[in-house]
Structures are given as C-alpha cells and as structure tokens.
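As structure tokens, the structure follows; a few thoughts come after it.
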Amino acid sequence: MRIIAGKFKGKKINLPEDRTTRPLRDLVKESLFNVIEHSNKININLKNSTILDLFAGSGSFGLEALSRGARRCLFVENYNKALKLLDENIKNLKCQNSCLINKLDCFEFIERLKKNELELDIIFLDPPYREKKINSLIEKILKKKILSKNGIIIIHRHKKDNITITEKLNILDLRLYGVSKIIFAN
C-alpha cells in the first residue's frame with residue numbers, strides 16, 4: 001500500500017501480515033479524500049487541519065491526511081503489532097513532529113478526555129467490523145465536544161453492517177465502495 005497524493009505521494013506504508021488489522025484500501029481512501037476535498041456538503045479545509053485517527057492500525061488514513069496538508073494527526077491504537085507498524089510508517093515518512101500515538105483502547109481514550117480538551121477537524125473512526133458499540137463511542141465523542149464547528153466524523157463500516165447510526169449525529173453523505181460503507185457526519 002502507498003500514499004496516494006501530496007508530499008508523501010508514492011511512499012510505501014507497511015501493513016501487518018496477520019488479518020487482525022484491516023487496512024483502508026487505496027480505492028476507498030482515494031474516494032474518501034475526494035469527498036472531503038470536493039463535496040459541497042462538507043466544509044473542511046484539509047490543509048492545516050487536526051485529525052484523530054481512531055483504531056488507526058497502520059495509520060493509512062492519518063498519514064494520507066498529513067501528506068495532503070493536515071497539520072497534525074493523533075493516532076489511537078492498542079494492538080501491539082499495528083502499533084509497531086504505525087511507528088515504523090511515521091518514522092519512514094519522517095513526520096514524527098506532526099504525529100502523536102496514543103496506545104489506549106479507543107473507548108478508554110475518549111473516556112479520559114476532558115470536555116473541549118481537543119478541537120478536531122476530522123475524526124476517522126475505523127473499528128473492526130465486528131465492533132457493535134459504535135454508537136456508544138460516537139455519543140461519547142459528541143458529549144466531549146472535541147469536534148470543531150465545521151468538523152466531521154467519518155465512519156468506515158462493512159456495507160452489510162446493519163447498525164443504525166445514532167440520531168445525535170447528522171449524516172451528511174453515505175458512500176459505498178466495494179465492501180466498504182463510508183459515512184460522513186457531524
């Protein structure tokens with residue numbers, strides 16, 4: 001897998017060999033960033049934005065965002081094999097000054113945040129497909145008020161996922177790409 005666009009374009013991203021971590025496919029990633037950058041429903045300027053990549057895995061989303069001009073990315077991941085690769089990927093791209101890795105479970109990470117502690121432009125939420133407590137996490141995020149005024153939450157799920165996203169979130173757009181369902185909301 002490689003970075004698609006921006007200052008790191010063409011650089012390789014290391015992926016785990018096991019199937020525990022599900023990387024964001026290039027087609028999905030490219031389409032997702034096209035929506036962020038060109039949709040009239042989304043009012044985020046990726047340049048100089050602050051990103052939270054939850055269930056970060058190898059860091060594919062956050063690193064692509066940094067390549068395209070995001071100012072800072074906070075990665076949250078607690079699976080040791082993925083953490084090792086994430087750290088390697090950040091070092092290989094020489095972007096340590098723009099990255100912070102938090103080694104907590106995503107639910108615990110959000111729970112520990114103080115209200116208004118962060119001001120995030122994009123929260124990328126890519127839990128394992130088997131994760132069923134997605135709405136609990138979204139509601140905690142909303143309660144903590146860490147999303148900027150025009151900020152968005154992007155949720156990656158399997159297209160057959162039948163979990164109804166909480167009504168507390170305003171769905172801006174929904175896209176299907178292969179087996180992936182991408183929800184853009186605020």
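A short reminder: the numbers here are calculations on the coordinates, not readings from a lab. No experiment lies behind these values; they were computed from the predicted model shown. Don't worry about glycine lacking a Cβ; one is built from the backbone with ideal geometry, like all the others, and counts go over all protein chains shown.
Some notes on this structure:
- Of the GluC sites (Glu not before Pro) found in the stretch 6-95, those in coil by DSSP whose Cβ has at most 14 other Cβ atoms within 10 Å are E17.
- Annotation: amide H-H contacts under 5 Å for S180 (H modelled 1.01 Å from N, sequence separation of 5 or more, or interchain): K159.
- Estimated inter-spin distance, N45 and L174, nm [label 7 Å along Cα→Cβ]: 3.2
- Around the amide H of I101, modelled in the peptide plane, lie the amide H atoms of F75, all under 5 Å away and 5 or more residues distant in sequence or on another chain.
- GNM top mover of N102, N48, N34 - the chain, alpha-carbon springs below 10 Å: N34
- Theoretical gain in end-to-end length, R25 to K84 [0.36 nm per residue, Cα-Cα removed]: 19.2 nm
- The stretch 28-70: trypsin sites (Lys or Arg not before Pro) falling in loop per DSSP and having at most 13 other Cβ within 10 Å: K41, K47
- Note that the stretch 113-125 has calculated 3J(HN,Hα) couplings of 5, 7, 4, 6, 5, 10, 10, 9, 8, 9, 10, 9, 10 Hz, one per residue in order, obtained from phi through the Karplus relation 6.51 cos²θ - 1.76 cosθ + 1.60 (θ = phi - 60°); glycine and proline are x.
- Out-of-range pairs (alpha-carbon distance over 19 Å; input K41/K143; K114/K145; K12/K84): K41/K143
- Under the Debye formula (equal points on every Cα, no solvent term), log10 I(q)/I(0) of the stretch 147-186 at q = 0.21, 0.29, 0.35 Å⁻¹: -0.64, -1.04, -1.26
- Sum of -39500 (n - 2.57) over DSSP H runs of 4+, divided by residues of the chain (222 nm, nearest 500): -8500 deg cm²/dmol
- Using a cutoff of 8 angstrom between alpha carbon atoms and counting only pairs six or more residues apart, the relative contact order for the stretch 69-145 works out to 33 percent.
- Mean Cα-pair separation over length for the chain, i.e. relative contact order, pairs under 8 Å, 6 or more apart, %: 19
- Amide H contacts of K11 (H built 1.01 Å from N, under 5 Å, at least 5 apart or other chain): I3
- Spacing of the modelled spin labels on E111 and N135, each 7 Å from Cα toward Cβ, amounts to 2.0 nm.
- Over all orientations, the stretch 30-185 has a Cα convex hull whose mean projected area works out to 8.6 square nanometres.
- Relative contact order for the stretch 95-183, counting Cα pairs under 8 Å that sit 6 or more residues apart, in percent: 28
- GNM result for the chain, Cα springs below 10 Å: residue of F107, F55, F124 fluctuating most strongly: F107
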